[in-house]
Amino acid sequence: MPGGVDAHVHPDEPPLFGKGSTADNYETGMCRIQPSRVLPQVFSGSRSAICGGTTTMVTFAPQKKSEDTLLDTLHATHAKAHDNCYIDYSFHLIIGNPSLNALYEFKTLREEGISSLKIYMTYEALQLNDRQILDVLLEARKQKITTMVHAENGQVVDWITAQLEKRKMFAPKYHCTSHPPMAEIEATYRAISLSEFIDTPILIVHVSTPAAAAHIKQAQDKGLPIYAETCPQYLYLTKKDLDQPGFEGAKCVCSPPPRESEADCDGIWDGLANDTFTILSSDHCPFRYDDDVNGKKTSISEDYPVGHFKYIPNGCPGIETRLALTLSAERLEIKKFVQVTSSNPAKLYGLWPRKGGLVEGESDADINIWYPPGKMQEYFLNNKMLHREVDYTPYEGRKMKQWPRYTILRGQAVWDKENGGLLGKKGYGKFIKRDASSLAGRGIRENGTYCCEGDVYGNEVESSLTVARELEFITESDACPKRASSLVPKVIRAC
């Protein structure tokens with residue numbers, strides 16, 4: 001099969017959302033354990049990835065609200081990754097401040113090989129209002145950039161958090177209460193509506209609830225270029241995993257949180273099978289558990305002996321286990337498994353056919369060779385088996401049936417499970433410049449049939465006449481003349 005493409009990875013990020021810093025960086029650099037000392041980081045993000053069959057990752061370059069430029073952020077992230085990665089890589093830009101200067105730099109991002117960005121509808125440090133989101137979507141459409149959206153209603157989360165604090169409910173399990181499904185469902189619907197208004201593609205990241213997935217499926221059935229991602233934590237974990245003795249539940253604190261029951265997990269599996277979810281990413285955001293300086297235990301204090309859910313660093317490790325966990329479940333056909341873990345992320349983020357496929361003369365010869373069904377002895381996952389700077393896995397004890405036997409990156413063997421394990425070298429990974437998304441558009445014809453020619457930005461795809469075209473930000477050749485949208489206000493049409 002093609003090597004895995006993980007398009008949602010958070011290595012070496014600053015504490016944007018509160019306390020803590022991610023444990024893994026891009027290479028074997030330094031792991032911060034105490035302020036007075038640093039230790040060599042023996043296992044890290046890209047090294048862990050290659051040991052689990054991922055040959056390409058797309059990580060994040062986060063712009064802070066106080067910054068007026070995206071290019072400085074991009075260059076700083078390049079400096080962290082250059083000559084340090086075991087696998088090939090690219091970056092999404094996180095937009096914290098969509099200033100006029102930052103929006104103007106979208107064109108330069110494309111010239112630099114960046115064709116995707118991420119925005120947040122929650123988290124005070126990064127949250128954008130609807131007007132700012134529209135600014136981003138409009139400029140993204142002009143430059144053929146795919147916008148990723150963290151869809152949770154931040155004000156709802158803040159309100160419920162305040163109610164819990166009044167009642168002195170601080171334990172890790174209340175993280176689930178503070179991020180209710182309604183906050184994700186409403187924000188998902190709103191993000192879709194804003195995307196439809198501008199007629200530009202978005203990807204809703206880490207979808208956790210079947211009700212949000214239903215909104216996405218409905219939009220897709222209408223012909224809108226709405227894509228969706230989910231992650232293993234929403235296939236395997238539930239809120240019970242946060243309701244553990246003492247502080248143990250903090251290991252599974254992520255946002256959105258795992259949902260109510262196994263029925264929710266089944267609904268997410270169904271979404272993978274029926275094409276609601278375009279990609280399956282890890283959302284690898286690793287914090288050490290037993291670390292009170294940069295890890296999960298930074299939220300413990302005299303006032304909060306079992307921590308305060310609001311201050312627990314959000315995120316779970318998962319880049320190394322994503323592929324094997326999913327394949328071991330035997331709930332997806334092999335073709336679908338390859339699509340959501342490799343070929344679709346490559347197409348969505350402008351890496352295809354170099355990545356995500358085995359196309360003669362065009363692909364990079366990134367290959368995973370797996371054990372034939374039933375030929376690998378079943379085992380129970382243990383964190384000691386893994387290769388990263390994190391002291392736990394949320395999937396401890398899960399029965400596994402698979403792991404990559406060999407992994408090949410650009411024709412070179414970098415993993416041999418039975419003969420030495422890791423063979424790859426730091427610095428072999430390269431930055432990959434990306435083009436616009438190559439996924440087909442989801443246009444719908446007047447007779448109700450789909451029109452999948454062209455790209456997701458409206459070229460030769462019959463859907464709605466957009467505000468972007470009305471404001472003359474795109475040319476007549478960019479859109480079908482039959483488009484007509486009831487969403488565009490008459491006052492804007494008059495302009």
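Kindly report the accessible area of the range 261-300 per residue (heavy atoms of protein chains, probe 1.4 Å, no ligands, DNA or RNA), in Å². Intermediate values should be presented prior to the final figure.
Working: 1250 Å² over 40 residues.
Per-residue accessible area for the range 261-300 comes out at 31 Å².
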Part-to-part distance (alpha-carbon centres) for the range 311-370 and the range 165-240, which is given in Å: 22
Taking a straight Cα-to-Cα line shorter than 22 Å from K433, and setting aside same-chain lysines fewer than 8 residues away, one finds K80, K107, K118, K142, K144, K347, K355, K425
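Counting only C-alpha contacts under 8 Å and six or more residues apart, can you give the relative contact order of the range 334-406 as a whole percent? Don't skip to the answer; put the middle values down first.
Numbers: 77 pairs, mean separation 17.5, N = 73.
Relative CO of the range 334-406 lands at 24 percent.
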Report the accessible area of W352, computed with a 1.4 Å probe over the heavy atoms of all protein chains in place, in Å² rounded to the nearest 10. 90
Partners for K251 among aspartates and glutamates (Cα-Cα distance below 13 Å; same-chain residues under 8 apart left out): D241, D243, D290, D291, D391, E396
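Rolling a 1.4 angstrom probe over the protein heavy atoms, how many square angstrom per residue are accessible across the range 324-439? Write down the numbers at each step before the final one.
Values: 5610 Å² over 116 residues.
The answer is 48 Å² per residue.
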Got a sec? What order do S66, S46 fall in by accessible area at 1.4 Å, biggest, i.e. largest, first? S66, S46
What base-10 log of the normalised intensity I(q)/I(0) is obtained for the range 357-410 from the Debye formula, alpha carbons as equal point scatterers, at q = 0.14, 0.32 Å⁻¹? -0.55, -1.17
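For the ranges 157-164, 311-318, what's the packing order if you count other beta-carbon atoms within 10 Å of each residue, average per peptide, and put the highest first? Don't jump to the answer; show the numbers that get you there.
Working: 157-164: 16.4, 311-318: 25.1.
The peptides rank, most packed first, as 311-318, 157-164.
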Quick check: pseudo-label points 7 Å beyond the Cα along Cα→Cβ at Q132 and D266, how many nm apart are they? 4.1
DSSP-assigned coil residues among GluC sites (Glu not before Pro) in the range 347-422, each with at most 12 further Cβ atoms within 10 Å: E360, E362, E378, E396, E418
When every protein chain stays in place and a 1.4 Å probe is rolled, D364, D130 sorted by accessible area with the largest first are D130, D364
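The values are calculated or read from the model by the stated rules, or taken from the named source; none is laboratory data. What you are looking at is a predicted structure, and each value in this text was computed from that prediction instead of being measured. Here Cβ is always computed from backbone atoms with ideal geometry, including for glycine, and neighbour counts include all displayed protein chains. Heads up: the accessible areas ignore ligands, DNA and RNA and are worked out on the full protein's heavy atoms, side chains in. Shrake-Rupley method; radii C 1.70, N 1.55, O 1.52, S 1.80 Å.
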